[in-house]
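Written below as structure tokens is the structure these notes are about.
The values are calculated or read from the model by the stated rules, or taken from the named source; none is laboratory data. Model, not experiment: these values are computed from the prediction. Cβ atoms come from the backbone with ideal geometry, glycine included; neighbour counts cover every protein chain shown.
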Amino acid sequence: MEVLQHFSHKEHPLIFVEDLENEVVCSGCKESVWGGAYKCSECNFFLHKSCAELPPEIQHSLHPNHTFVLQLPSQLKLCEACYGSCENSFFYHCNTCDFEGLHVECASGWRTKPDNCHQHEFVPIFQQIHFTCEACGEDCNSFAQVCRICQLLVHTECTEMPRSIRIIADRHLLTLIYSLGKVMKEHDDHVFCNLCYKKLKLKYGGYYCRECDFVTHLECARQNWIGPSDTIDSSRDLIEDINLEEDEEPEVVKHLDHKHYLIISRNEREIYDRKRCEGCMQSITAPFYSCEQCNYFLHSTCARLPLKIRHPKHRHLLTLSARGNLIDGIVNCNACGCYGFAYKCHDCDYSLDIRCCLIPKTFKHEGHQHSLFHAISSVEKCSACDRSKNNNGVFVCTKCNSALGFECATLPLKAKYEYDPHPLSLIYTVENDSGEFYCLICEEERNPNHWFYYCVKCNFAAHPQCVVGRHPYIKYGRNFTRKNHQHPLNFVRRTKESHPCNACSETFDEDAAVNCTQCKSIIHLWDKCLYKLF
């Protein structure tokens, strides 16, 4: 029987056990222990064999004048190599001077390995200095590392960047380049990151693909890369590569959302008043498909959408979830927040409605004079509504300080309000110089810098949300089912004056609710209400 008396557990001897029955945690490094380990005969104290046999004292080239002594974990010490806390593991410390310490791993491999990010080793500078990182371009007072051969001075964080990465938005491997100007000599100084569409400084570093000229900031790449164990299903092209205008329009189609065959119409005269496309819920325009037996219409583009797509912000395949066959009938778009006809991920809780999917990566909107680019790493406020956007990014202009969120980018250019006889137009600048701007629906003041709907003939102005509603793409009255409820459900309209929600007893501050006629319950669309009652 192998017995050890260790400095970290002087109370009792440690006995080596070949096969532990359960997973335990090493008291020396706080990592899981499997198989053999040293165990206290009296309490739940364990040490990996490697942790138990660490040398109690070492000499190290980083601090050659004094000896390092192995210490117990401490919240008060930082590793002088990686600047991480020493609270979770044994570390080496100098008892003679104020050199705080080194993690065990850093003591054995304190130089950055050449294979990680650079062809040469980086050596840490053990004091804070003022410098500009030659990898990311940040100017700061911080710890740094230097390449003794190239004399590159970089943040410690930047030395940990891998040489090659994969991101969802590009098919190829991206390579870390410390001076982009050396490989992009043919470009002018106006080079933009393909993830945030901010200007790149070519004298600093970035990730670059020679095959397609795809280039990004280091930080943008850090936010979007996928690990070596992650995979991207590349069986379909990215959504922006799909050009529906080039596809043929068959005379008759069978769609997964409808039980009957749909027949195409290219005649503007056949458009029915106030009819909406069942796919995007926009007004019907030619060409469109319709069902002769039912009151059912689909734009040609919506009828021919691919069943599966990839999107540059999501690593899994997205599958088209039409309303007619959707078991969990409420699909909330992660980009614009709306409910409706959408692509949904079956591997995680992510969905994207077809309006957001059909916006190309680069597009021109009537509300802005320049082209807009999908910046998936940007979190700028939308210029049309001043609201901060989620992590799906925004559409930005590289020529001026403007951004457009998915919600505003998908607003219909024309809308109908039930109390105005004329179509309302989406307006991007103030309609007059009166200095007083109000929404004639909610009667609250409007921000003159925000987009709004307007009727010139009636001098009628209103907030976009007041005109189209908070859930403009829900098909009211249509039935759907949920896995956790035995009866058919449907969407109904509700206002603040309606009876409170049957699940939480709170009033309705939005225009849509879920109704079960058999249970005689009407509840919010909120998950907490859906799961509480159903």
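Figures for the structure shown
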quantity	calculated
Selection count where residues are under 21 Å from CYS466 (Cα atoms) and not β-branched (Val, Ile, Thr), scope region 507-534	9
Cross-chain or 6+ apart pairs with Cβ under 8 Å, region 17-28 first and free of Cβ contacts under 8 Å to residues at least 60 places away in the same chain, then surrounded by fewer than 12 Cβ atoms within 10 Å (Cβ to Cβ) and not in a loop (DSSP other than H, G, I, E, B)	GLU23/SER32; VAL24/SER32; VAL25/SER32; CYS26/SER32
TYR473 being touching a residue at least 12 places away in the same chain (Cβ under 8 Å), of a type outside the set (D, E, K, R), under 19 Å from ARG355 (Cβ atoms) and touching a helix residue (DSSP H, G or I) at 6+ places or on another chain (Cβ under 9 Å)	yes
Any strands (runs of 3 or more DSSP E) falling wholly within region 426-534 and containing at least 2 residues that are within 29 Å of the chain's Cα centre (by Cα) and within 28 Å of LEU413 (Cα to Cα)	512-516
Residues within region 368-393 that are out of contact with any strand residue (DSSP E or B) (no Cβ under 7 Å at 6 or more places or on another chain) and among the small types (Gly, Ala, Ser), tallied	1
Breaking point among (1) part of a loop (DSSP other than H, G, I, E, B); (2) surrounded by 16 or more Cβ atoms within 10 Å (Cβ to Cβ); (3) at pLDDT 80 or above, for ARG171	(3)
The one condition in (1) loosely packed, with under 15 Cβ neighbours inside 10 Å; (2) within 22 Å of MET281 (Cα to Cα) that ASP433 fails to fulfil	(2)
In region 440-461, the residues that are surrounded by 13 or more Cβ atoms within 10 Å (Cβ to Cβ), under 28 Å from VAL514 (Cβ atoms) and at pLDDT below 95	ILE441
Whichever residue in region 14-28 is at pLDDT 80 or above and in a loop (DSSP other than H, G, I, E, B) and, among such residues, is surrounded by the most Cβ atoms within 10 Å (Cβ to Cβ)	GLY28
Residue in region 73-80 that is crowded, with 17+ Cβ neighbours inside 10 Å and at pLDDT below 80 present	yes
Lone qualifier among GLU42, GLU87 - being among the acidic types (Asp, Glu) and either more than 39 Å from the chain's Cα centre (by Cα) or not in a loop (DSSP other than H, G, I, E, B) (or both)	GLU42
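A quick yes/no check of all residues on (1) of a type in the set (Asp, Glu); (2) modelled with pLDDT of 90 or more:
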site	(1), (2)
HIS346	no, no
TYR350	no, no
GLU366	yes, yes
LYS389	no, no
CYS397	no, yes
GLY405	no, yes
LYS416	no, no
TYR438	no, yes
